[in-house]
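The values are calculated or read from the model by the stated rules, or taken from the named source; none is laboratory data. Predicted model, so just to flag it, every value in this text is computed and none were measured. Neighbour counts run over all protein chains shown; Cβ positions are idealised from the backbone, glycine included. To get the accessible areas, we keep the full protein, side chains included, count just its heavy atoms, and leave off ligands, DNA and RNA. Shrake-Rupley method; radii C 1.70, N 1.55, O 1.52, S 1.80 Å.
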Amino acid sequence: MQKFQLVLLIHAHQPIGNFDGVMERTYERSYLPFVECLARHPGVRIGIHYSGPLLEWMVARHPEYIQTIRELSDRGQVEVAGGGFYEPILITIPLEDQVEQIRRLSDFVTTHFGRRPGGAWLAERVWEPQLPSALAAAGVKYTLLDDSHFLAGGHEREDLFGYYIAEDCGGTIKILPGLQQLRYLLPFGTVDDSIGFLRGAAGTHPGGMAAMGDDMEKFGAWPRTWEHCYRDGWVERFFSALEASEDWLEVISPGEALASRPPLGRADLPTASYTEMMEWVLPTPVRQRFHILQKEFEPRPEVQRFLRGGFWRGFFSKYAESNLLHKKMLRVSSKLHGSGRRGNKGSLRHARAVTHLLRAQCNDAYWHGIFGGLYAPHLRTELWRELIRAETISDAIQFGAKGYQELAVLDFDADGTDEIEITSPQFAVLLKPSGGGTLEALDFRPRAVTLINSLQRRVEAYHERIRDSAQTSGRVTSIHEQTLFKEDGLEKRLKYDRWPRHCFRLLLFTAGKTFSDYEALCLEENPAFAGGDYQLGAATPSKVTLSLAAPCNVPIVGNGALRDLQVVKSFDFASAKDSCDVGCQLDLTFPLVASTTPVRLIVGLEIIVNLLAPNEPNRYFEVAGARQVLAWSGVVEGSHLRIVDGWQDVAVEIDAPGANQLWVSPIETVSESEEGFERVYQGSQILAVWNAEITSGQSWTGKASLHVTFANKIGV
């Protein structure tokens, strides 16, 4: 009788833009000891997947590791799987890019490890029913999904000890069901419990197969797991126990297992990911209720299987910042594929731009859970940087050597309302009339720097855990069960923005409000003018006018009855060889009435700038002749402020003529990560503040502008 088979597909990934020190530490604590241990146990044959960003780093930093994997591959102990090179969520990128991502990793694996991969790892196991045809077209023969995918499709748990065929429009692939129980046992259960589970499965399903796919990082890189896996020897003992079970158990690579048996049948699977991901994607109030329901039915697995969360695309609805990044990626992809059809596809610069685009499709910064990196500014920034580089090349291909400054009116972010996009060799901006008439994105192309790139502070389901400050025991647990804190007092830092963190938002509020109110997000500004739907007037590549009329329903000294207010925002855009200028002029008018008493109110125009590192000495504010790190909070007397980023070589000068003060405060989120709850700098909010007096029938005018240039051009 055929032995029971165990199929392990172990996945290793590091995102585009991750810190080199983090990658090196993960290499030392996880990637290296895992493979060294594996090499000592030739009876354990597994599949391994490495993402392209990690492989590129290893080629540069640890070529000896690449050679070790080649040797393990040559002796048949390791099967290296493919996938999308830069670890994209395949269903979110155009088909042409899907195929190119898979082809690039397949070519890399063939070149460096000697065999073309038959299987593909799906990033975050995100599945949609149309994938079989796309994967088959790219030469993929199999992939692995979680058992939850199959349970949602109507399969029973006892039917998951084999593999299935998935099909779309005639394209077919083989799918291995990864068992959640194994995913939680390895390495968090005891070795005896893990072998006991396999022995029990072998008894119930003689000649069957159990598969598990999960992250290599949980073997050493997750909190407390290095001590558990290597110092205390869990991995060594587990591999030894597998080899000692060879009379009834065969630990086999995925391709070999699939070749040794027929499929169990078809599997028509619904849209899904792993169970935790489908909870993370839910809007916060729904997620809270869903979690309560899960706990209520935890003792009843027959009910649990019918409790499903959302699906991956929901992150675009939950987080506008994710949606904006994704739509920017689609915009750049469309431009590049268009320029490629105009005879440039074979050119070196077009190929370079495509690589930048593919790198920007790396999934981590598009979502948020324990692992997702949307809250990590350095990961978001790196994807924006790649997109800026790709788009700059694409536009240069389109316009050639001539100068250009182009305007497009389009529904950029697919929300049903139009945005205004303006591009030139020096900058790209996105103006959102329906979002308070604000600047949503500002890219300085000569240095591939995106300058706004902040994150709205919003309620997250896990914030209640921070308030409760629940502590875990000292035992090693799955990362999904831990409550760790990277610093004390995080519950005091929980505060929430009324608006997305865009630039040039108009805040009208009453006298008596102070800088402390601004820091605490308690200005109680007029919502119509801060977040209303401004109407587009005249629009050229150098000047765009937006307007809004609404009741000015903040208490205003001397206003008498509620008064309507007309606001006109005039944006101007200009550039020189090494710089660009963006300005926003305000014209505020109350309708003509008999009273001549001036209306007095406080006018604030908010600017958001994110230069990433709040405490590095080469990134700072220049305040009254002194330097303050970006974490600084305070009041600038006057109307001028300079912000410098020596690392990215960019400087931003803010001018607001006539403003009484500039209020400066850091934007800090409190979020969850695999290392625990942490405070993260998301840029600074800078409010130009005027004390305005407006006589009926006359206009009050104020303006704030940004001058963006190289930092090193002015002595830094």
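What to note about this one:
- The long axis of helix 63-74 is offset from the longest Cα principal axis of the chain by roughly 40 degrees.
- Those trypsin sites (Lys or Arg not before Pro) in the stretch 1-57 that DSSP places in a loop and that have at most 14 other beta carbons within 10 Å: Arg40
- Lysines whose Cα lies under 28 Å from that of Lys543, excluding same-chain neighbours fewer than 8 positions away: Lys327, Lys328, Lys335, Lys402, Lys432, Lys569, Lys577, Lys703, Lys713
- Qualifying trypsin sites (Lys or Arg not before Pro) in the stretch 46-101, where qualification requires a DSSP coil assignment and no more than 14 other C-beta atoms within 10 Å, comprise Arg75.
- Computed with a 1.4 Å probe over protein heavy atoms only, the accessible area of Lys703 comes to about 70 Å².
- Nearest-20 debye value, the chain charge dipole, Cβ charges on Lys, Arg, Asp, Glu: 1060
- Relative contact order of the chain, pairs being alpha-carbon contacts under 8 Å that are 6 or more residues apart, as %: 10
- Beta bridge orientation in the chain: antiparallel %, DSSP, nearest 5: 80
- Ranking Ser133, Ser51 by solvent-accessible area of protein heavy atoms (1.4 Å probe, all protein chains present), from largest to smallest, gives Ser133, Ser51.
- With Cα atoms, 0 to 90° folded angle of helix 95-113 axis to the chain main axis: 50
- Amide proton proximity set for Gly373, modelled H, under 5 Å, gap of 5+: Ala365, Tyr366, Trp367
- Average accessible surface for the stretch 235-356: 48 Å² per residue, computed with a 1.4 Å probe over protein heavy atoms with every protein chain in place.
- In order along the stretch 148-160, the Karplus-derived 3J(HN,Hα) couplings, from 6.51 cos²θ - 1.76 cosθ + 1.60 at θ = phi - 60°, round to 4, 4, 6, 4, 5, x, x, 7, 9, 4, 5, 9, 10 Hz, and Gly and Pro are given as x.
- Of the options (1) 28.0, 99; (2) 30.4, 99; (3) 26.7, 82, only one is Rg and Dmax of the Cα atoms in Å as computed from these coordinates, and that is (1).
- Site pair Glu524 and Asp247 shows an inter-label distance of 8.0 nm when each label is modelled 7 Å from Cα along Cα→Cβ.
- Evaluating kT/(6 pi eta Rh) at 10 °C and 1.306 mPa s, with the Kirkwood radius of the stretch 549-695 over Cα pairs in the Stokes-Einstein relation, gives 89 µm² s⁻¹.
- Carbon-plus-sulfur accessible fraction, the chain (probe radius 1.4 Å, protein heavy atoms only): 52%.
- Of the chymotrypsin sites (Phe, Trp or Tyr not before Pro) found in the stretch 374-408, those that fall in a DSSP loop while having at most 16 other beta-carbon atoms within 10 Å are Tyr404.
- Kirkwood Rh and Cα Rg combined as Rg/Rh, the stretch 65-203: 1.00
- Computed from the C-beta positions of Arg40 and Thr417, the FRET efficiency with R₀ = 51 Å rounds to 0.25.
- Taking every C-alpha pair closer than 8 Å and separated by at least 6 residues, the mean separation divided by the residue count of the stretch 65-151 gives a relative contact order of 31 percent.
- Computed per residue of the chain from DSSP H runs no shorter than four, each worth -39500 (n - 2.57), the mean residue ellipticity at 222 nm is -8500 deg cm²/dmol.
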